[in-house]
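Student: So that we are looking at the same thing, I have put the structure below in structure tokens.
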Amino acid sequence: MEQIISYINSFQLTTFHFYGVIIFVLLLADGLQKRGVSEKIMNRIIFVLILCFCLFRYDTNPDYFNYVRMFTKIRLDIAQEDSNVELGYKALNLLFINNKQGFVYVFAICSVIYVTTFHLLFKKLNILKLGWFFTITMMLLGDMNNIIRQAVAMGLFAVALPYVEERKLTKFLLLMVFAFLIHYTAIICLPYYWLSRYYRLNRVNKSVWIISLILVSALSFLGIFQTYTIKLFELVPHYSHYVDFLHYSERKESKSGLGLILMTVLGIIVILMRDKVDEKYRMYINMSAVYIVLYLVLSDAYVLFRIASYLQIFLVISLSLILKAERVVDYIKLGIVLLCLTWWARYSYYGNRPYRTVFSDYYKEGKYYRRHLGIKGGHREINDYFIYNYNY
């Protein structure tokens, strides 16, 4: 096994390349299934592949080192520095404090939870391959591998969505309690329950949605929302240093605003195609439009954007359902795929590091990329490639 891993590492493949491998396997699985290979076997192969990709990764995302440092502070009982850690996540860390590299097991358990919950939801909706395709191309999987705690909460929210449709509030709330114990932002999922219920039973006029998307996109491009976000953040001492921490999709040195355009176009397509999708999936279609509006408003505020990130699963599901719909013409489906591949290729912020595993020498030597932040020209300059050898 180590020889195989060493051989792969010699090519200096990045996580972006491995996302490409997974996408290829998804396409291959679909082709083999059409040729008579068991769907159950293909689904299991996909699950194992994605799980192993998340399970064995080492320092592949910007916040990886921060989670290692958090684990170490908990292990050494530096209470004043980990007092803000959620009780559930802290309890999970405490299970492995006898091992200085126990963070690997913590990350592994978190990976199992969010990969399994997403897989179960996609399987239930019969969109398994398409669901994972859009989870990767819309960089949701990359984001979850970075924000490990919230990824668990997002997974629990995703697997709880059928309870929204079935009006099983108690079961929904129970899952959200567990999510809240892992990441406090899960509290926002409570109003999302009733908002989702509303959009399951009501339909907003298409023209209203489209005009809203275009208007909000224009205001976001002009920086209107960022201006007020900065003023809001300056009032909160703990978050004041986030005022110029832009979301990765809005890093537009060329000032092209391509991220805003791509997301707006996707939103318009989803709204226009909603009548082509089975009526029982109305909630997912309408809530994906809500997500895109929130995305456009909050995309310049990374902390606040996490409020909207729970709803990204609705967009993934909606795009999958549209591609499955027989009444949607092929050129629309091709356009959606090309738009999402463009998003993946242009904004794979979480894919530009070498893909290393817990079998690598970097893990054995305790080496990490450390996010180095500085201020340049009034904005944060981020250097993700500073090697830092962490001493326990």
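Here, each number is a calculation from the coordinates, and none is a lab measurement. Predicted model only: the values in this text are computed from it and were never measured. Counting neighbours? That spans all protein chains shown, and the Cβs are built from the backbone with ideal geometry, glycine included.
Student: Applying the Karplus parametrisation 6.51 cos²θ - 1.76 cosθ + 1.60 with θ = phi - 60° to the phi angles of region 180-193, what ³J(HN,Hα) value in whole Hz is obtained for each residue in order, glycine and proline being reported as x?
Tutor: 5, 5, 9, 8, 4, 5, 4, 4, 5, 5, 5, x, 4, 4
Student: What percent does the relative contact order of region 37-141 come to when contacts are Cα pairs within less than 8 Å and at least six residues apart?
Tutor: With pairs under 8 Å counted, the relative contact order is 28 percent.
Student: Once label points are set 7 Å from the Cα along Cα→Cβ at both F24 and K171, what is their separation, rounded to one decimal in nm?
Tutor: Distance between the two pseudo-spin positions: 4.0 nm.
Student: Okay, next question. At a 10 Å Cβ-Cβ cut-off, how would you order V328, V37, V208, V293, fewest neighbours first?
Tutor: V208, V37, V328, V293
Student: Let me ask you something else. Assuming R0 = 22 Å, can you tell me the calculated FRET efficiency for the pair L87 and D63, based on Cβ-Cβ distance, to the nearest 0.05?
Tutor: Calculated value: 0.60.
Student: In addition: Would you mind ranking K90, K206 so that the residue whose beta carbon has the fewest other beta carbons within 10 Å leads the list?
Tutor: So the ranking, lowest neighbour count to highest, is K206, K90.
Student: Mind listing the long-range amide H neighbours of T357? Cut-off is under 5 Å, sequence gap 5 or more, other chains count too, H placed in the peptide plane at 1.01 Å from N.
Tutor: For T357, the qualifying residues are Y58.
Student: Please report R167, R197, R35, R306 as a ranked list, fewest other C-beta atoms within 10 angstrom at the top and most at the bottom.
Tutor: R35, R167, R197, R306
Student: What is the local net charge at L125, summed over the other residues whose Cβ is closer than 15 Å to its Cβ (Lys, Arg +1; Asp, Glu -1)?
Tutor: +2
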